[in-house]
1. Within segment 10-23, which residues are surrounded by fewer than 21 Cβ atoms within 10 Å (Cβ to Cβ) and in a strand (DSSP E or B)?
2. Mind checking which pairs have a first residue in segment 25-52 that is more than 13 Å from Ser15 (Cβ to Cβ) and a second that is surrounded by 20 or more Cβ atoms within 10 Å (Cβ to Cβ) and among the hydroxyl-bearing types (Ser, Thr, Tyr), Cβ under 6 Å, 6 or more apart or different chains?
3. Checking His97 against (1) loosely packed, with under 13 Cβ neighbours inside 10 Å; (2) at pLDDT 90 or above, which test does it fail?
4. I'd like the full set of residues that are over 14 Å from Gln71 (Cα atoms), at pLDDT 90 or above and not polar (S, T, N, Q), limited to segment 32-54.
5. Has segment 71-78 got at least one residue that is at pLDDT 90 or above, part of a strand (DSSP E or B) and surrounded by fewer than 15 Cβ atoms within 10 Å (Cβ to Cβ)?
6. So which residues in segment 35-70 are surrounded by fewer than 16 Cβ atoms within 10 Å (Cβ to Cβ) and assigned to a loop (DSSP other than H, G, I, E, B)?
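The values are calculated or read from the model by the stated rules, or taken from the named source; none is laboratory data. Model, not experiment: these values are computed from the prediction. Note that we place each Cβ from the backbone using ideal geometry, even for glycine, and neighbour counts take in every protein chain shown.
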Amino acid sequence: MSASLNSSTAFWVISSQSLVTGEVMYLSRHGWHPRLGNARLFSAQSDAEDSLKSAAAEDPENLFPSLVSVQRNSSGTLVPAHFRERFRAAGPSNRFHGKQADYPEVPHV
């Protein structure tokens, strides 16, 4: 059974697609990271939008940076609020491996 989301507290993170690996990346305080749990959290959407502009200009190897709304579930794990972003965060759906272990509530093919 999956942990429930805390809908009263939402945050924003910046996500992109790595040109080199094709993997979903998240902006952390120390550059780009493949794990959502290491992403820099923004409590204000306006702050996230400001960082999004600079992130887009700074790193040409990370394509299409965008804002992603996330919440903490009851166990404290960051979970994207939108279903599509949950799939992106979990990684490829061809088999259970890698980042998918962080998101057991996302069904995998």
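1. Ala10, Phe11, Gln17, Ser18
2. Once the first residue is more than 13 Å from Ser15 (Cβ to Cβ) and sits in segment 25-52, no partner that is surrounded by 20 or more Cβ atoms within 10 Å (Cβ to Cβ) and among the hydroxyl-bearing types (Ser, Thr, Tyr) comes close enough.
3. So the condition that His97 fails would be (2).
4. The answer is Trp32, His33, Pro34, Arg35, Asp47, Ala48, Glu49, Asp50, Leu52.
5. The answer is no, given that none of the residues of segment 71-78 is at pLDDT 90 or above, part of a strand (DSSP E or B) and surrounded by fewer than 15 Cβ atoms within 10 Å (Cβ to Cβ).
6. Across segment 35-70, the qualifying residues are Arg35, Leu41, Ser43, Ala44, Pro60, Glu61.
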